[in-house]
Amino acid sequence: MSNNSKVFLGPLAKNNPITVQILGICSCLAVTAQLKPAVVMALSVTVVVALSNLIISLMRNTIPPRIRIIVQLVVVSALVILVNQVLMAYVYDVSKQLSVYVGLIITNCIVMGRLEAFAMNHKPWESMLDGIGNGLGYGVVLVILGAFRELFGSGSLWGVPVMEKLGMYKIGYENNGLVIMAPMALILVGVIIWIQRSKDKELQEQ
Amino acid sequence: MKNFSNKYIFIYSAVLVAVVAVLLSVVAMGLKDKQQANVRNEKMQSLLAAINVDCERDQAPALYKQYFVTELTVNTDGQVVSEYSIADDQMKNGDVRAFDINLKTEQTKEKNGAKGSFPIYCFVKDGKQGIVIPTRGNGLWGPVYSNIALGDDLNTVVGVTFSHESETPGLGAEITTEKFMAPFIGKQILDADGKVVSIAVKKHADPAGLHEVDAISGGTMTSNGVSAMLADDLARYQAFFDSRRTLAAQAADTSSATDPECNLVEEEVSNE
């Protein structure tokens, strides 16, 4: 595998930000009660990580090490505010649902984590790929959680009442309220980590 | 690692911050109109929902113009502070449009002993007139809102919507469901003497009771919040309701044209 594709594909599985790096758990619990906000959050984070990685990487030789965290923060916050403004103008419903979580992208450990670990000492193109890869890796987990929680918690997928259409309620099926609550998301993340590690021996700690 | 002088660090951070500030202000100003339009359309959508007109957010402004006639603001003494004609798109009286009133600000004013002004939206639907009163209160985790539509007797609820910011899904958040809202229809907010008694949200409510509806099991705190919100906010209109009644009673000989504020009263007057 070439270096670039490794940088890009790594975070999707072997180096997944949520299940392996254990970053960004907070927002992952918060926005996955339904599929739609999960997807929007995943896309917003991908955009922010990719762009902030790119920008910081371009600036990396000019940034004085002593104030690098502040510089990173300024860049990330600026991008997050931009994303928030655009969401508010063009997809208002979604921005309302995400409300405070958009602001929380700033504190999403993935963003700062990738900036410190990668963008500060890699070339721009690579850094951007790393950002997109990490954003998508985060997104994959979010989508899995969102789909599961919406289907079993509210009986719908992307707002479509699947369970009702299948006639599940008529045969005594009921939505599980616990799935909507944050603790269940944490349990599900645990299950995903478990499945991934039992399949991929490399990830198992000795 | 390169060494940077203090001077470089200062200049670097100053330039960075300045660039970011300019960029953000430009974007914020560019998108402002669109964002505000979204918020306004949503408010219209929710007012329309209170009178049982469901629509997409984009259609809300047109339908709002179709169904709503006048926006009034009244103070707690029942005086009409301002009037805005929706069809003519202009202020008839006063200078603050009811639609632009921030309920939270007015409630705080009132709490601090100053005079707040509160909005009323007059509508005509299927040839019948009525008003919508917006309310705002506290749920368990954050604010809860509602729009109550009253029929032309200014007493009977003909429609209602609830919304919230952060109530628990599956429990308190159930206030937005049809199951919770439907029982409100046909309830009354005034007692026989015309005093605002509101509608209580409580356990084991009597379905035949005019002033109570069933609470949400597991959502007691939110239900209590809704109950308190309705009681507090509707009571602010007590003087307005009284004044309308007196007007209606006196109106036998006075021309209805002397009361341009809300078509509603003209109609009531001719009925008396």
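A few remarks follow.
- Looking only at residues of segment B:38-55 that are more than 9 Å from chain A (Cβ to nearest Cβ) and without any contact (Cβ under 8 Å) to a residue 60 or more places away in the chain, we find that the one that is surrounded by the most Cβ atoms within 10 Å (Cβ to Cβ) is B:LEU48.
- Residue that is farthest from the chain's Cα centre (by Cα) [pool: residues in segment B:109-156 that are surrounded by 23 or more Cβ atoms within 10 Å (Cβ to Cβ) and of a type in the set (Phe, Trp, Tyr)]: B:PHE123
- Filter pass, A:ILE70 being within 11 Å of another protein chain (Cβ to nearest Cβ), more than 13 Å from A:VAL140 (Cα to Cα) and either in a helix (DSSP H, G or I) or free of Cβ contacts under 8 Å to residues at least 24 places away in the same chain (or both): yes
- Considering residues of segment A:92-143 that are over 19 Å from A:ILE70 (Cβ atoms) and among the basic types (Lys, Arg) only, the residue surrounded by the fewest Cβ atoms within 10 Å (Cβ to Cβ): A:LYS123
Results for (1) modelled with pLDDT of 85 or more; (2) closer than 30 Å to A:ALA78 by Cα, shown as yes or no for each residue.
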{"site": "B:VAL20", "(1), (2)": "yes, yes"}
{"site": "B:ALA28", "(1), (2)": "yes, yes"}
{"site": "B:GLN45", "(1), (2)": "yes, no"}
{"site": "B:ASN52", "(1), (2)": "yes, no"}
{"site": "B:LYS65", "(1), (2)": "yes, no"}
{"site": "B:SER82", "(1), (2)": "yes, no"}
{"site": "B:ALA87", "(1), (2)": "no, no"}
{"site": "B:ASP95", "(1), (2)": "no, no"}
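- Any hit, segment A:150-161, residues being within 14 Å of chain B (Cβ to nearest Cβ) and acidic (Asp, Glu): yes
- Among residues of segment A:47-67 that are over 12 Å from A:ARG114 (Cβ atoms) and within 12 Å of chain B (Cβ to nearest Cβ), those with a beta-carbon under 7 Å from a residue that is among the small types (Gly, Ala, Ser) and surrounded by fewer than 17 Cβ atoms within 10 Å (Cβ to Cβ) at least six positions away or on a different chain give the pairs A:ILE67/B:SER13.
A quick yes/no check of all residues on (1) in contact (Cβ under 8 Å) with a residue 60 or more places away in the chain; (2) more than 12 Å from chain B (Cβ to nearest Cβ); (3) more than 19 Å from B:ARG40 (Cβ to Cβ); (4) out of contact with any Phe, Trp or Tyr (no Cβ under 7 Å at 6 or more places or on another chain):
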{"site": "A:VAL83", "(1), (2), (3), (4)": "no, no, yes, yes"}
{"site": "A:ASP93", "(1), (2), (3), (4)": "no, no, no, yes"}
{"site": "A:TYR101", "(1), (2), (3), (4)": "yes, no, yes, yes"}
{"site": "A:ALA119", "(1), (2), (3), (4)": "yes, yes, yes, yes"}
{"site": "A:HIS122", "(1), (2), (3), (4)": "yes, yes, yes, yes"}
{"site": "A:ASP130", "(1), (2), (3), (4)": "yes, yes, yes, no"}
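The values are calculated or read from the model by the stated rules, or taken from the named source; none is laboratory data. Just so it is clear, the structure is predicted and the values come from calculations on it, not from any experiment. Positions of Cβ are generated from backbone atoms using ideal geometry, with glycine treated the same way; all protein chains shown enter the neighbour counts.
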